[in-house]
Amino acid sequence: MTFDKWFNKQDRLIQILLLLIPFVGWVVECLVRLSVAVNKKDAVSIVVFVLFLVVGWSWILCLIDLIYLALNGRLILA
């Protein structure tokens, strides 16, 4: 699964727009985190994916990831 590589290759404006759309942003973040968890196969990536899957539907984690993405160009722990 290489969704994280595809997402990181996109222009930063496209990434931010994808994350701003409420349901689409959640799905994109879940796919990116799942892709990272499958590729890395480490405990941190799996825990972050499960955590985001369980509580990621709230706007708090999405907003934190959006700000971090705008400043650093990638999602937190992805």
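Could you please let me know if Leu31 is under 13 Å from the mean Cα position of the chain (by Cα) and open to solvent by less than 80 Å² (accessible area, probe 1.4 Å)?
So Leu31 fits the description; yes.
Within the set of pairs 6+ apart or on separate chains, which have a first residue in the stretch 4-26 that is under 17 Å from Leu61 (Cβ atoms), a second that is open to solvent by 80 Å² or more (accessible area, probe 1.4 Å), and C-beta atoms under 7 Å apart?
Cβ pairs passing all conditions: Trp26/Trp57.
The values are calculated or read from the model by the stated rules, or taken from the named source; none is laboratory data. Because the structure is a prediction, the values reported are computed rather than measured. Note that we place each Cβ from the backbone using ideal geometry, even for glycine, and neighbour counts take in every protein chain shown. All accessible areas refer to the heavy atoms of the entire protein, side chains included, with ligands and DNA or RNA removed. Shrake-Rupley method; radii C 1.70, N 1.55, O 1.52, S 1.80 Å.
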